[in-house]
Amino acid sequence: MSNPIEQKKITTHTLLEMKRAHEPISMITAYDFSMAKIVDAAGIDVILVGDSASNVMAGHETTLPITLDQMIYHAASVLRAVKRSLVVVDLPFGSYQGNSKEALNSAIKIMKETGAHAVKLEGGLEVKEAIARILSAGVPVMGHLGLTPQSIYKFGTYVVRAKEEAEAQRLREDAHLLEELGCFSIVLEKIPAQLAKEVSSGLKIPTIGIGAGNGCDGQVLVLHDMLGINKDFNPRFLRRYMNLFDDIQDATKRYIADVKSKDFPNEQEQY
Ligand code: KIV
């Protein structure tokens, strides 16, 4: 078996081939050079510079406050580290909903100033023109349906979306619309597993799920949640692979103790 880390660069076409070959797609968020370097070297297929940076990097309650320039700062840092993964950057709230010209300008600014490979934006029919215009400039677009956190004040809560048939039907239609427009992939967030499976099997383009069950073509998690850096967020869909909050806190306490006791630095650690 070939070593995934030595495989060639992942492109949007690779993801389509992976779907055809029934090979699950792995995606994770990253927002800075050091973390991006680690997850790229680990062999992750897609890195999402998500607007969840607003929560996990900046400490905001929602994804709404993060600006286009702040997303560009994070994305450029990630791109400097990445050798193999496909890097997708979120268009932040307010940078594409106004009109399609503004959406195109935002996408072009991201592509020019960061070296990103694609952009992601939230919504279906309501952002159709924006998606079409960005795609017409040759910029690959990933869609995002289901729970779309930029609309949190419309939803009022972060509960599972599309449980009712009317919303499920709208999601099915939006998914097909995004495929017809030319999106290369769609994130499905927090929807019933059965619906995600049905939508995924009806599309040629891959779906990437978060809280959408095992029937999606790939999975994404927020890096800080998956590593246990953030202890306060415990949704059912999250699998934690580490408890870094505790590990980092413990290491910091030991360092403080060593400084206070004059144990650090010792003779080997000085000049
Ligand atoms: O911003 C983000 O991290 C996302 C994922 C949750 C898909 O959009």
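The values are calculated or read from the model by the stated rules, or taken from the named source; none is laboratory data. These figures come from a predicted structure and were not determined experimentally. Here Cβ is always computed from backbone atoms with ideal geometry, including for glycine, and neighbour counts include all displayed protein chains.
Points worth noting:
- Looking only at the range 34-63, and only at residues there that are free of Cβ contacts under 8 Å to residues at least 60 places away in the same chain and outside any helix (DSSP H, G or I), the one that is farthest from the ligand (Cβ to nearest atom): 43
- Among the residues of the range 139-161, some residue qualifies, meaning at least one is more than 12 Å from the ligand (Cβ to nearest atom), under 28 Å from residue 111 (Cβ atoms) and crowded, with 21+ Cβ neighbours inside 10 Å.
- Flag if residue 98 is over 23 Å from residue 137 (Cβ atoms) and without any contact (Cβ under 8 Å) to a residue 12 or more places away in the chain: no
- Some residue of the range 39-57 being over 15 Å from the mean Cα position of the chain (by Cα), surrounded by fewer than 16 Cβ atoms within 10 Å (Cβ to Cβ) and closer than 30 Å to residue 157 by Cα: no
- Residue match in the range 217-231 (condition: modelled with pLDDT under 95, under 20 Å from residue 56 (Cβ atoms) and away from the ligand (no atom under 16 Å from the Cβ)): yes
- Taking the range 161-184 as the range and being in contact with a Pro (Cβ under 8 Å, 6 or more places away or on another chain) and at positive phi as the test, only 162 passes.
- Residue within the range 226-236 that is surrounded by 22 or more Cβ atoms within 10 Å (Cβ to Cβ) and touching a helix residue (DSSP H, G or I) at 6+ places or on another chain (Cβ under 7 Å) present: no
- Which numbered condition residue 182 misses (of (1) surrounded by 18 or more Cβ atoms within 10 Å (Cβ to Cβ); (2) closer than 25 Å to residue 135 by Cβ; (3) in contact (Cβ under 8 Å) with a residue 40 or more places away in the chain): (1)
- Residue count, the range 64-75 (criterion: within 14 Å of the ligand (Cβ to nearest atom) and within 16 Å of the chain's Cα centre (by Cα)): 6
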